[in-house]
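The values are calculated or read from the model by the stated rules, or taken from the named source; none is laboratory data. Quick caveat: nothing in here was measured; it's all calculated off a predicted structure. Counting neighbours? That spans all protein chains shown, and the Cβs are built from the backbone with ideal geometry, glycine included. Quick note on the areas: whole protein, heavy atoms, side chains included, nothing else; ligands and nucleic acids left out. Shrake-Rupley method; radii C 1.70, N 1.55, O 1.52, S 1.80 Å.
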Amino acid sequence: MKILIAASEAVPFCKTGGLADVVGALGQKLGAAGHDVCLVLPKYRRVEASALEGGIARPIELPLGGQKVTASLRFLHRRAVSVYLVDYPTFYDREGLYGFDGKDYPDNDRRFILFCRAALEGCRAVGFKPDVIHCHDWQTALIPAYLKRSYGSDPFFADTASVLTIHNLAYQGNFGREALDQAGFSAEDFASDRFEYYGKFSFLKAGILCADRLSTVSATYAREIQESEERGFGFEGLLRKRGSDLEGILNGIDTELWNPETDSYLPARFSARDHARGKAVCKRAVQKEAGLRLEPQTPLVGIVSRLDYQKGLDLAIAAIAPRLGRCQLAVLGEGDAALQQEFASMARRHPGMAHFRSGFDEAFAHLLYAGCDLFLMPSRFEPCGLGQMIAMRYGGVPVVTRTGGLADTVSESSSEGRPANGFVAKPGDTQDLGAALDRALAGYAGRVKAAMESRFSWDQSVNAYLELYRKAIESRAGSATRGRR
Ligand code: ADP
Ligand code: GLC
């Protein structure tokens, strides 16, 4: 199958969160399974020059708001996954991917309209005629809409189906009415049964309406976003309407990249069979690097996270503060300024027992996953979550909330179809989280092995995506036949 993956971030090129891990790993797995895979990404400043070596550059003209702009495509032919990067420095040569200093870039509508156009025109330019385009999140959600509208009768895309994966419904890409003109859709599309959403032009809504098939990243989240207003962020009715086309496919983790037996970031490596010494060395390294007391017996709680309301970290602070002393805390996180301040002030109040490192730090993330005894992820909602899976592979026993993908990967009792591999609290409930922490501090040692033996490989999920692509191709073919009649 010829598959184009369109996304706004992917490992190893650029990353702000789990989306990049998932897109990077999925592409590799599909390529390794023998499919013809191409990935399209913006060429951000962060994409290192070394990643472009050997790439072929060619200019490409793209429509934007009634004008033509000229971008450059950098095409890199690779064994498992070919890549083309959309180079348009005015839009992408910036410090951040989506914003800077806590603020979104004000022209994100134009930045990702152009990217969606470039993804499609790029296929033509490099002669890659996809059977399916797999889009991820609002940044690429206009692609299915373009395929249905502007490219509806374009012979190049006559057989191209689209799949849209929603990684997080909290981000919808809603912009002012003028973005509709920039994107080149017609005035009729600004209606509540089309792309309009409470007076805005919603990229995600356009994608949800137009994609041949939809998916999200866990079975529980797929249910939650159709059932509850709080989780559906206003899209629950729309998602219910498309319910038979929507599937929950659990993310995997890249078990080569995240492997405690080979991880070069670690001062000592270890396996599920033999982890005690290696984990102890890593824990000591975290304590040293974080300025925590070098106490091997005190349980170390780790957090690696975007600092965002979604992640429930305000509740974590309230639950963990009274327990410092019985445990230590090391936090790595980037995001919300108020949360950064709270963590920083907690670290000041508890020297030697709590540490906060602000920023995005791949090396410290690896070390913290390996060195922590418990990994705390008390999300208010969580479409899938990779942090808990990575932590488990590194022997960090997860303390999570029962929501989305956390509910599908962590269980406190073995009666839920898997061995008990962590501790689970109610979402949004500080007291309940505190109680789960107490159980975890008392009983984590007995769960390290079960956590490390939990399997989150991609194999099953890759097959589920391939099946979804086939269904999308079938419906596309069906609607094309109906259209011709
Ligand atoms: P989300 O995508 O909602 O942020 P996930 O748990 O799915 O949450 O994925 C988060 C990914 O980003 C993981 O790979 C995690 O290790 C990484 N990550 C998050 N924050 C940081 C940080 N400050 N430094 C390094 N890696 C981080
Ligand atoms: C989003 C979600 C997270 C998920 C990730 C990858 O960022 O917040 O739960 O794991 O996407 O799908």
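For the stretch 36-116, the list of chymotrypsin sites (Phe, Trp or Tyr not before Pro) that fall in a loop by DSSP and count at most 11 other C-beta atoms within 10 angstrom is empty. The angle separating the long axis of helix 108-126 from the principal Cα axis of greatest extent in the chain is about 60 degrees.
As a fraction of the 1.4 Å probe accessible area of the stretch 275-452, surface on carbon and sulfur atoms comes out at 52 percent. Counting only alpha carbon atoms, the long axis of helix 337-349 and the longest principal axis of the chain meet at about 10°.
Using the Cβ of GLY31 as centre and a radius below 15 Å, the other residues enclosed give a net charge of -1, where K and R count +1 and D and E count -1. At full extension, GLU474 and ALA32 could sit 156.7 nm farther apart than now, given 0.36 nm per residue minus the alpha carbon distance. Relative to the longest principal axis of the Cα atoms of the chain, helix 430-443 runs at roughly 60 degrees.
Between ALA442 and SER414, residue separation times 0.36 nm minus the direct Cα-Cα distance comes to 8.3 nm. With helices as the sole contributors, the chain gives -11000 deg cm²/dmol at 222 nm; each DSSP H run of n ≥ 4 counts as -39500 (n - 2.57), and the sum is divided by every residue.
Peptide packing for 373-383, 243-253 was compared via the average number of neighbouring C-beta atoms within 10 Å per residue; ordered from the highest value, the list is 373-383, 243-253.
Here the stretch 275-452 is treated with +1 on each Lys and Arg Cβ and -1 on each Asp and Glu Cβ, and its dipole about the Cα centre works out to around 640 debye. The mean sequence separation of alpha-carbon pairs under 8 Å and at least six residues apart, normalised by the residue count of the chain, gives a relative contact order of 12 percent. Could you tell me whether the stretch 252-401 comes out rounded, prolate or oblate from its Cα gyration tensor? Rule is a ≥ b ≥ c as square roots of the eigenvalues, rounded for a/c under 1.5, then prolate if a/b exceeds b/c, otherwise oblate. Oblate is the answer for the stretch 252-401, as a/c is 1.5 or above yet b/c matches or exceeds a/b. Applying a threshold of 21 Å to the alpha-carbon distances of LYS129/LYS471; LYS103/LYS205; LYS129/LYS205; LYS148/LYS205; LYS15/LYS103; LYS103/LYS426 flags LYS103/LYS205; LYS129/LYS205; LYS103/LYS426 as lying beyond it.
Taking all Cα pairs closer than 8 Å and separated by 6 or more residues, the relative contact order of the stretch 8-79 comes to 22 percent.
Between ARG149 and PHE233, the C-beta separation translates, for a Förster distance of 35 Å, into a calculated FRET efficiency of about 0.90. Heavy-atom accessible surface of the chain, averaged per residue, reaches 40 Å², computed with a 1.4 Å probe.
Share of carbon and sulfur in the accessible area of the stretch 11-76 stands at 49%, probe radius 1.4 Å.
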